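Contents: one structure, followed by commentary.
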Amino acid sequence: MSGTKNLSPDTAYILRLALTLLAITAVTALLLGLVNYITSPIIEARNLEKQQEAMAAVLPADSYEAVEGFVPTGQVTALYEAVTGGQVSGYVAEVTSNGFGGAMSVTVGINAAGAVSGVVVTGHEETPNVGSRVVDSPEVLAQFIGLTGTITVNTGENKIDAVSGATVSTNGVTDAVNAALAAAAPYLG
């Protein structure tokens, strides 16, 4: 008996199975591409809306325009001029910092006098009921309002109070605010 007769049905079966899997994979990839094509503009619009809400929360203005010539450096990923009545009323920085749970996204408003006007944490992975007591608390974030220069945690004249048990998260937000102040400083006055 020849060995090719025994292999032919197996080869045909394997080929049919491979073609079936290829067809299923191709249809799935097409459907995923179609879903992405349909949903990506919606997701982008929602992200832009979330960004605009965060900017308005930290420094209300008529519009926010990207600062010309600003190159993202280190933690600061974007810097915007807050424009009210045709005049620059301050700056809004989008900053990435590290907390206890990993990266956090922070939006910081800086008024025309160079003082913090607001801080909002827009994304984080902090531990619930520990680090989240820092990043989700308007009272804790309000400590930054009105501060200028380099801000410290628990010590010095220009300080904020850390949340007990969440010092790493507090330091992460403080680092983000300090980075925003440093990025806006060259554009102020």
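Can you run down the residue pairs with Cβ atoms below 9 Å, 6 or more apart or on separate chains, where the first is in the range 158-182 and touching a residue at least 40 places away in the same chain (Cβ under 8 Å) and the partner is of a type in the set (Lys, Arg)?
Listed pairs, sorted by first residue: 166/133; 169/133.
For the range 158-173, enumerate the residues that are closer than 16 Å to residue 101 by Cβ and either over 23 Å from the mean Cα position of the chain (by Cα) or part of a helix (DSSP H, G or I) (or both).
165, 167, 168, 169, 170, 171, 172, 173
Of 102, 156, 109, 131, which residue is modelled with pLDDT of 90 or more and not hydrophobic (A, V, I, L, M, F, W, C)?
Only one candidate passes the filter, namely 109.
From 73, 122, 77, 96, grab the single residue that is touching an Asp or Glu at 6+ places or on another chain (Cβ under 9 Å) and over 15 Å from residue 52 (Cα atoms).
So the residue among 73, 122, 77, 96 that is touching an Asp or Glu at 6+ places or on another chain (Cβ under 9 Å) and over 15 Å from residue 52 (Cα atoms) is 77.
If you check residue 181 against the conditions, is it outside any helix (DSSP H, G or I) and closer than 19 Å to residue 90 by Cβ?
no
The values are calculated or read from the model by the stated rules, or taken from the named source; none is laboratory data. The shown structure was predicted, so the numbers you read here are calculated from the model rather than taken from an experiment. Cβ atoms come from the backbone with ideal geometry, glycine included; neighbour counts cover every protein chain shown.
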